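See structure below.
Nothing in this text is a laboratory measurement; each read-out follows from the coordinates by a stated rule. Note that the structure is a prediction, hence the values are computed from the model and not measured. Neighbour counts run over all protein chains shown; Cβ positions are idealised from the backbone, glycine included.
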Amino acid sequence: MTAHQLIGRIVDTGSFVRWDRPLDARPADPGYRAALARARERSGLDEAVTTGRALLAGRPVALIASEFAFLGGSIGVATAERITLAVERATAERLPLVALPVSGGTRMQEGAAAFLCMVRVTAAVQAHQAAGLPYLTYLRNPTMGGVFASWGTLGHLVLAEPGARLGFLGPRVYEQLRGEPLPPDVQLAETLAARGLLDAVVPQERLREVLRLALDVLAGTPTTEPAPPAPAPRPSPPDPWDAVRRTRRTDRPGARQLLDHAGQGVLTLAGEGALVRALARFGGRPAVVVGQQRQDGDAPRPFTAAELRLVRRSARMAEQLGLPLVTLVDTAGAELSARAELDGIAVEIAQCLATLVGLATPVLAVLLGQGSGGGALALLPADRVLAAEHAWLAPLPPEGASAIVHRDGDHAAELARAQGIGAADLAAAGLVDQVIAELPDAAEEPAAFCARVGAAVAAALTDLAAQPHPDRLRTRAHRHRHLGGPPPTDAG
């Protein structure tokens, strides 16, 4: 599909207005001049990209689209300048930017000058993002080299065409340099998405709708819908050990079910393992969502270092766009293995804590069920914390705490009660701001429970949005300073 055909597929009919100025590039090399002339005749374009402005579902957007028929979509100095001018104009006009690259990479005929132009383009993209404007990329087949390693993968959302070859080094060059072929699935879009390196693999026929959903959250106007009154938790809080067992039910609703029942305009993004990522609205309030899906069938899913890196990426996206971050905490804990140690699981927990503590935009944590160990801790720094009535939070599952304290697992129930891990205890200690009722158990009323959680999330996001930024940061700093309560008084 040509650049113009793809643009026509995603924008409102007749709305595209081209920005490109005529080029006056006359390279000295006659062979290169002839190649450019043939490329212009073949593609009908004067360069390997076309840029402009259009409407996408009525929303003004800027577009940059590569044309593979023009020297394989390669990027020369003039191409890079056209891209840079388009990004700068999008920033000046405060337009969301959609990039549609397809490219073999840097134009070899222009050597180092073209190669270094990727810095120029990257600087323009960074300035666009620093202005709080959405930048979305859709990688087509193929997107390689310097394009893949710069503006192609810098999007707040990085989408890709099914089956697209995406990578830094082309397979022919790889084989020439290494003496062996590159494994065929290494650079496939689906492989990269499964590893959390892309946000979604999207067929061209769905691209317009996916972009519309994304921009509705990333660039839409927040609204506030009236929330139904929330039922109060029961006067006598659940027994903590009973709550632990209830949260282990395989039919208890988790992060995905909450998005299904309570989110509006949900765009699910590629995660990895136990991680759920999405853009969504709750009661009209847009948010970036990261959460933990604690079960895969009957098997608990531990939280990994790679997943925590994606949490931080999502947090940075929320901050750049001025959107709140909602974390959904429901985990049996972080991965405990030799591989996890080598992957830096502890370092990633620390980095997640630091990122969320310092995030400029509002952070709302929702303790849906199990809150075990470092996997839960990494997602809990927040301006406000909500908790389901049977949710709990502990350094280890009660059986693990029993093994440490009593050298057996027989005292799990006793320790669950003694440690104050239940939602009511957490609220009494100031660690949770609101307890959301389960009537009588989330697993027995999944849709109604998720609707209540969604309403509580919407109300909290509305309250946080109304707080002046400096006041909210001061309140957060005070909250974090006093988490866990004051230290014991020194009797001496």
*If you count, for each residue, the other Cβ atoms within 10 Å and average over each peptide, how do 105-115, 24-34 line up from highest to lowest?*
105-115, 24-34
*asked:* How would SER314, SER103, SER15 line up from fewest to most surrounding beta-carbon atoms within 10 angstrom?
replied: SER15, SER314, SER103
_Across the range 210-295, what fraction of all alpha-carbon pairs, as a whole percent, falls in each successive 10 Å bin from zero upward?_
15, 35, 31, 16, 3
*Over the range 240-481, what is the mean sequence separation of C-alpha contacts under 8 Å (at least six apart), divided by residue count, expressed as relative contact order in percent?*
21 percent
*Kindly list the residues of the range 442-483 that lie in the label zone of VAL266, defined by a backbone N under 12 Å from the point 7 Å along the Cα-to-C-beta vector.*
447, 450-451, 454
*Using 0.36 nm per residue, how much length does the chain from ALA194 to ARG33 gain when fully extended, once their Cα-Cα distance is taken away?*
53.7 nm
*Size of the range 240-481 as Cα extents on the principal axes (Å, biggest first)*: 49, 43, 36
*Normalised by the residues of the range 3-218, what does the relative contact order come to in percent, with Cα pairs under 8 Å and at least six apart?*
15 percent
_Using +1 at the C-beta of Lys and Arg and -1 at the C-beta of Asp and Glu, which of ALA99, ALA350, LEU393 has the Cα lying farthest in the positive direction of the dipole of the chain?_
ALA99
*Would you mind checking which residues have amide H under 5 Å from TRP19's amide H? H placed 1.01 Å from N; only 5 or more apart, or other chain.*
THR51, GLY52, ARG53
*Using 7 Å Cα-to-Cβ label points, what is the GLN434/THR475 separation (nm, one decimal)?*
1.2 nm
*With contacts defined as alpha carbon pairs under 8 Å and 6 or more residues apart, what's the relative contact order of the chain in percent?*
10 percent
*What helices does the chain hold that run 15 Å or longer along their axis, going by alpha-carbon atoms, with a Kyte-Doolittle average of -1.0 or more, using DSSP H for the helix calls?*
77-92, 111-130, 204-218, 305-321, 345-358, 446-466
*For the chain, what is the charge dipole size about the Cα centre, in debye to the nearest 20, if Lys and Arg each add +1 at the Cβ and Asp and Glu each add -1 at the Cβ?*
1460 debye
*Order by neighbour count: HIS411, HIS406, fewest other Cβ atoms within 10 Å first, most last.*
HIS406, HIS411
*Which FRET efficiency value, to the nearest 0.05, is calculated for THR250 and VAL77 with the Förster distance at 60 angstrom and r the Cβ-Cβ distance?*
0.55
*asked:* With 10 angstrom as the radius, rank MET144, MET118 by how many other C-beta atoms surround their C-beta, starting from the fewest.
replied: MET118, MET144
*With a/c under 1.5 counting as rounded, go ahead and sort the chain into rounded, prolate or oblate using the C-alpha gyration tensor (a ≥ b ≥ c being the square roots of the eigenvalues; past the cut-off, prolate if a/b is larger than b/c, else oblate).*
prolate
*Can you list the residues, at least 5 places off or on another chain, whose amide H is less than 5 Å from the amide H of ARG301, using H built in the peptide plane?*
GLN295, ASP296, ALA332
